[in-house]
Structure formats: structure tokens, C-alpha cells
Amino acid sequence: MSDIIKNLEEIFGTENVSVSEVDKLMYSFDASQREGKTQVVVWPKNALQIQELIKYALNANLDIVPRGGGTGLVGGCVPNNSIVVDVSKMNKIENINLKEKEVLVQAGLVIKDLNDELKEHNLFFPIIPSSHKICQIGGIIATNAAGIRAIHYGKTDKWIKEIQIINGNGDNLTIKDPTEICGSEGILGIIIGAKLKLTDILEKRTLTVKTFDDIDRLCESVEKVAGNKNITAIEFFGKHTAEIADIKSQYHLFIEYNNDDGEIKEINKINELLNLRKGLGPLIGSKKYTVVEDPKIPMNKLPDFLRWLEENKIPVFGHIGIGIFHPRFKPDQDKLIIEMFELVKKLGGCVSGEHGIGLAKKKNINSKAIERFKILKKKYDPKNIFNRGKIYD
Amino acid sequence: MTDIEKCTLCGLCKANCPIYKVLLEEKYSPRGKAMLIKKEILSTTFYDCTLCGACEVECPVDINIDIRKMRNKLVEKGMETPANKKMIENVRKYGNPFGKIEKGKIPKELYCC
Ligand SMILES: Cc1cc2nc3c(=O)[nH]c(=O)nc-3n(C[C@H](O)[C@H](O)[C@H](O)COP(=O)(O)OP(=O)(O)OC[C@H]3O[C@@H](n4cnc5c(N)ncnc54)[C@H](O)[C@@H]3O)c2cc1C
């Protein structure tokens with residue numbers, strides 16, 4: 001062990017390597033509340049250090065876990081006696097190209113920090129997961145995150161021009177096509193930067209809140225507005241969620257528009273309501289519903305899915321406009337979770353709409369998807385030094 | 001349920017934490033401190049906090065991480081930081097945390113609570 005530390009300190013400097021019990025604990029978990037075991041934590045400052053680390057890890061057969069904001073909900077950056085590489089200190093904006101509307105950033109940059117900087121140029125990066133104040137560019141690329149505006153702007157992969165990644169041979173690659181890396185959950189390499197597409201800032205935002213007692217009326221309403229190009233978000237929470245949040249027990253829809261169509265025009269009120277929606281996960285989690293899922297359901301099957309949740313009294317919220325839901329379960333509700341995934345399959349949905357597979361959903365992923373990941377693994381990380389045991393065994 | 005038992009480790013508290021946003025290591029984050037309390041681990045990391053309350057504002061569950069209580073425990077166990085000891089000594093002796101202040105001169109070492 002002392003050999004490992006010595007070598008890592010030579011690469012990163014003593015202040016950017018830690019084996020203290022406190023640091024090891026800090027990097028042993030993520031927002032999924034799963035815990036693993038950290039061997040060493042390192043905080044790289046540049047690509048060369050990471051390349052050196054890979055060379056060393058290849059020789060010493062070490063497992064390397066890339067980590068961003070640690071907001072993942074499937075244990076994707078939970079270590080298994082691994083070296084955790086926290087890229088948070090690589091958080092610079094390297095260049096903003098106003099003419100091309102693109103920005104070159106390092107992987108550790110937090111989404112909100114990027115958007116705060118872009119405000120003065122009237123530009124913004126539209127991938128807004130509810131965790132956008134703390135999750136990072138590398139993390140959202142690795143999970144291909146969606147978020148509240150995905151109905152209008154799509155998922156992360158749509159907004160990537162280039163990804164810079166250090167692969168399992170220690171090569172520093174610039175990749176133009178994001179398909180293979182987006183959603184690869186840190187098993188192919190360490191993303192160190194990206195060129196992102198930007199769009200014009202949302203000059204106007206208005207919001208309508210609708211409430212329903214009945215699932216069919218709710219779904220009809222979603223169907224009615226879903227094709228509207230001026231809608232930038234359709235968020236939802238169910239009756240049990242409302243009860244837990246001390247709100248009248250009804251189905252709630254929040255519809256955000258980029259024009260004057262919404263009924264609420266006052267921006268502080270809009271932000272307050274959207275913040276309430278964004279905080280529902282942790283709020284429900286704090287009431288012992290600690291297991292979070294994120295199935296994606298075909299739009300024509302929403303009523304069947306919501307009815308099942310209602311019958312089983314499962315609190316739920318989510319990005320209903322794109323069919324992604326976050327039902328929340330208590331840890332002893334395994335049987336219900338299995339039942340739910342059977343239903344998701346029957347309805348033609350998929351296991352994970354945005355959070356990924358990580359450790360949490362390994363048993364639910366299908367063999368076709370595993371085959372795809374194995375092929376990519378061979379291509380980028382043939383010696384398997386990144387994030388062992390994630391997605392598949 | 002205590003406040004800390006309600007914490008789901010989501011990390012939203014990191015968003016405006018003035019210590020975490022500068023040092024960018026998880027142990028300085030409010031979430032890190034919550035984890036230490038969950039695990040009943042005493043660490044001088046509890047001194048790395050301005051007590052500004054920005055974490056509580058961001059927290060969707062309104063958790064107040066009782067840093068003062070943890071500092072009391074550190075003092076009881078003799079685990080104060082040298083800076084903290086010096087600051088208290090200065091307050092007792094000079095009525096301020098910086099030590100002897102000479103007019104027009106900046107104190108050599110700055111201790112703050
Ligand atoms: C309150 C809350 C709300 C959320 N809302 C949403 C939402 O609306 N939409 C959504 O999609 N997700 C959401 N999430 C989940 C989570 O925020 C996303 O998955 C996010 O993209 C993770 O980013 P991160 O920087 O925290 O990554 P981490 O949690 O640190 O890591 C996640 C995965 O990415 C890999 N990774 C991280 N950085 C790198 C890198 N530089 N190179 C290679 N691999 C890397 C890790 O190994 C891991 O597998 C939410 C989470 C919370 C706690």
C-alpha cells in the first residue's frame with residue numbers, strides 16, 4: 001500500500017492524494033446511499049496526471065473509479081477497494097465561442113456554474129437535471145442525463161460536439177461522435193473535457209400548474225400539450241407524493257412555456273415551484289422511501305403504469321412529458337420493485353430512462369445492452385481498469 | 001427521526017457551501033459532515049465550516065447540521081485544532097480572535113470563528 005501512495009504522490013503531489021479514513025469514507029458513497037470501499041482518493045489537475053495514473057494502474061492492476069459530483073442514484077461511482085479519481089478540481093471553462101455558440105469546458109465543471117457564466121452572453125446549456133447545481137459535465141455525459149427540460153432539448157448526447165477522454169491504455173482521445181461515450185457510466189475511461197453546444201437563453205418563462213383527481217384526465221392533458229413546441233418542461237407528481245410533501249392529495253402537472261402561454265408569469269414564483277419539484281426526491285427519501293427507480297414508459301401506456309403505482313400506494317414524480325418516472329420504494333419493498341419491472345417490460349418500457357445501471361440495476365439490464373457495453377469495453381478499456389463490476393459482472 | 005437520519009446524502013447542500021465551493025473536496029461539504037455524524041466519527045473537519053447556513057437553505061428536507069454540537073464534542077475530547085485554541089486564547093486575552101492589535105498594523109496571523 002505504501003508503494004501505491006508513494007507512486008500516486010509522485011504523480012499528483014502529496015496534497016492531492018489521500019488515504020485518511022475521513023477521505024476514504026467521503027468517497028465511499030454517492031447519492032444512491034450505497035457504500036463501498038475506497039483504497040485511495042486522488043484529485044487530478046490535468047490530463048497528464050491522469051495518463052500517468054493509468055500507466056501505473058495498468059502495471060499494478062488497480063481499479064479506477066471516475067467520480068464527478070457524486071449525485072448518481074445507482075452507485076455508479078461507489079468504489080470496490082478502488083482508486084477514486086475525483087475530477088472536481090478540473091472545473092475550468094476554457095473557451096467560449098460566441099459565434100459558433102459552443103463552449104470548451106473541463107469535466108469537473110458544475111452545470112449551474114457553467115450557466116451562471118453564460119448568462120452575460122445570453123447563452124445557456126440546456127441540460128438541467130434536478131441536481132444541476134452540483135452535478136458535473138463529466139457526470140452528465142457518463143450517465144447521458146436528461147432532466148426537466150428534456151422534452152424540449154433532449155438528453156445530454158444531443159448537446160455534445162466533442163468529448164475528451166483518457167482511455168484504458170492511457171491515450172488522450174478527442175471523440176467527435178458522442179454515442180459510445182454518452183451513457184457509458186465511467187467504465188470506458190475518464191472524461192476530462194468536452195466541447196458543448198449552447199443555445200439562446202430562455203428569455204421568457206411562464207408556468208401553468210394543473211391538478212387532477214383522475215389518472216385518465218391527467219394523461220389526456222399531457223397528451224394534449226406534449227407536441228407543443230413552446231413547452232420546455234412537463235413535470236409531474238402523484239397523489240402520495242403530494243401527501244408526503246404536505247400538499248393537497250392530487251396529481252400535479254407543472255407545464256413550463258418559453259412564451260406567455262403559462263398562467264404564472266412571476267419568475268420567483270416559477271422558480272419556487274420548480275424547486276419544490278426538484279427537491280421531491282430527497283424529501284420523499286427522507287421519509288424512508290430511499291430506493292429510487294427511473295423507468296421510461298411509452299407515452300400511450302402512461303395510464304396503466306400510473307394506475308399500478310396508485311394501487312400499490314407508491315409515491316412517484318418525474319418527467320412525464322418524456323415518460324420518465326421516479327417511483328420511490330422502501331428498502332423492504334423488493335417484491336413490488338420486481339413486479340414493477342415486469343410491468344415496465346410488459347408495457348414496452350425500459351428499466352432506466354436517465355440514471356443508468358451502475359450497481360443498482362445490474363439485475364434488470366437485458367443481455368443485448370450488456371453485449372453492447374462489452375464490445376465498447378474491449379475497444380476503450382481492454383484491460384478493464386475502469387469501474388469494475390458496474391453495469392455487468 | 002433526527003435531522004441527520006433524514007439526510008439522503010443527495011448532496012444539494014454543496015451548491016452554495018462557501019467552503020466546499022473553494023476547496024472542492026467532499027469532506028468539506030455539508031453532505032460529508034452529515035455522513036461523519038451518521039457514522040459517529042469525530043473529525044476536525046467540523047471546524048471547516050463558516051456556520052453560514054447556506055446548506056440548510058438548499059436542503060430539500062431543511063436539515064440543520066449541528067456543527068456547534070460537534071465542535072463541543074471535539075473540545076470535550078481534546079481534539080480542538082491549534083487555530084481554535086489560539087483563537088479562544090486571543091479572545092480571552094485581547095477580546096478579539098486576532099491577538100494583540102497594534103494600530104495601523106495587520107495582525108500576523110488571522111484566526112476567525
Ligand atoms: C436530487 C437529485 C436529482 C436528480 N435529478 C436528475 C435528473 O433530473 N435527471 C437525471 O438524469 N439525473 C438526475 N439525478 C442523478 C444524477 O444527478 C445524474 O446521474 C448526474 O448526471 C450525475 O452527475 P455527477 O457529476 O454527480 O456524477 P457522479 O455521481 O459522480 O457519477 C455518475 C456516473 O458517472 C461516472 N462519471 C462521473 N464523472 C465522470 C468522468 N469525468 N469521466 C467518466 N465517468 C464519470 C461515474 O463513474 C458514475 O458511473 C439526480 C440526482 C439527485 C441527487
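Below is a table of values for the structure above.
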item	result
Only one of A:Asp200, A:Asp246, A:Asp214 that is at positive phi and out of contact with any Gly (no Cβ under 9 Å at 6 or more places or on another chain)	A:Asp246
Sole residue being assigned to a loop (DSSP other than H, G, I, E, B), away from chain B (no Cβ under 13 Å) and open to solvent by less than 50 Å² (accessible area, probe 1.4 Å), chosen from A:Gly70, A:Gly76	A:Gly76
Unique residue being away from the ligand (no atom under 12 Å from the Cβ) and in contact with a Leu (Cβ under 7 Å, 6 or more places away or on another chain) when the list is A:Lys195, A:Lys204	A:Lys195
Listing of strands (runs of 3 or more DSSP E) fully contained in the range A:95-182 that carry 1 or more residues being more than 14 Å from every other protein chain (Cβ to nearest Cβ) and within 10 Å of the ligand (Cβ to nearest atom)	A:160-167
Residue satisfying condition, being away from chain B (no Cβ under 11 Å), more than 14 Å from the ligand (Cβ to nearest atom), among the polar types (S, T, N, Q) and out of contact with any Pro (no Cβ under 9 Å at 6 or more places or on another chain), within set A:Asn81, A:Asn46	A:Asn81
Long-range neighbours under 7 Å by Cβ, at least six apart or interchain, first residue closer than 15 Å to A:Ser32 by Cβ within the range A:314-334, second β-branched (Val, Ile, Thr) and in a helix (DSSP H, G or I)	A:Arg328/A:Ile284; A:Phe329/A:Ile337
Residue within the range B:39-60 that is free of Cβ contacts under 8 Å to residues at least 60 places away in the same chain, among the charged types (D, E, K, R), in a helix (DSSP H, G or I) and within 20 Å of A:Asp30 (Cα to Cα) present	yes
Odd one out for B:Gly78 among (1) small (Gly, Ala, Ser); (2) at pLDDT 95 or above; (3) open to solvent by 50 Å² or more (accessible area, probe 1.4 Å)	(2)
Scope the range A:183-208; condition of a type in the set (S, T, N, Q) and part of a strand (DSSP E or B); matching residues	A:Thr199, A:Thr206, A:Thr208
Test result for A:Asn61, away from the ligand (no atom under 11 Å from the Cβ), of a type in the set (S, T, N, Q) and farther than 26 Å from A:Gly358 by Cβ	no
Every pair of residues 6+ apart whose Cβ atoms lie under 7 Å, when the first sits in the range A:285-299 and is crowded, with 21+ Cβ neighbours inside 10 Å while the second is in a loop (DSSP other than H, G, I, E, B) and polar (S, T, N, Q)	A:Gly285/B:Thr8; A:Ser286/B:Thr8
Among the residues listed as A:Asp246, A:Asp261, A:Asp216, the single one being more than 14 Å from chain B (Cβ to nearest Cβ), part of a loop (DSSP other than H, G, I, E, B), acidic (Asp, Glu) and away from the ligand (no atom under 14 Å from the Cβ)	A:Asp261
Of residues in the range B:31-47 being within 11 Å of chain A (Cβ to nearest Cβ) and within 11 Å of the chain's Cα centre (by Cα), the one surrounded by the fewest Cβ atoms within 10 Å (Cβ to Cβ)	B:Thr44
Residues of the range A:35-54 that turn out to be in a helix (DSSP H, G or I) and open to solvent by less than 10 Å² (accessible area, probe 1.4 Å), as a count	3
One residue from B:Lys27, B:Lys69 being more than 13 Å from chain A (Cβ to nearest Cβ), on the phi < 0 side of the Ramachandran plot and not in a loop (DSSP other than H, G, I, E, B)	B:Lys69
Restricting the range B:5-22 to residues that are among the aliphatic types (A, V, I, L, M) and more than 9 Å from every other protein chain (Cβ to nearest Cβ), the residue that is nearest to the chain's Cα centre (by Cα)	B:Ile19
Any hit, the range A:325-333, residues being within 22 Å of A:Cys182 (Cβ to Cβ), in contact with a Lys or Arg (Cβ under 7 Å, 6 or more places away or on another chain) and surrounded by 21 or more Cβ atoms within 10 Å (Cβ to Cβ)	no
Single residue of A:Ser32, A:Ser28 found to be buried (at least 23 other Cβ atoms within 10 Å of the Cβ), over 19 Å from A:Ile137 (Cβ atoms), among the hydroxyl-bearing types (Ser, Thr, Tyr) and modelled with pLDDT of 95 or more	A:Ser32
Filtered residue count, the range A:264-289, keeping only those that are within 14 Å of chain B (Cβ to nearest Cβ) and in contact with a strand residue (DSSP E or B) (Cβ under 8 Å, 6 or more places away or on another chain)	8
Filter result for B:Leu110 (within 24 Å of B:Cys17 (Cα to Cα) and not in a helix (DSSP H, G or I))	yes
Test: residue in the range B:51-62 that is within 14 Å of chain A (Cβ to nearest Cβ) and more than 30 Å from A:Ala245 (Cα to Cα)	no
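The values are calculated or read from the model by the stated rules, or taken from the named source; none is laboratory data. Quick caveat: nothing in here was measured; it's all calculated off a predicted structure. Positions of Cβ are backbone-derived with ideal geometry, glycine not excepted, and every protein chain shown enters the neighbour counts. Calculation scope for accessible area: heavy atoms of the full protein, side chains included, ligands and nucleic acids excluded. Shrake-Rupley method; radii C 1.70, N 1.55, O 1.52, S 1.80 Å.
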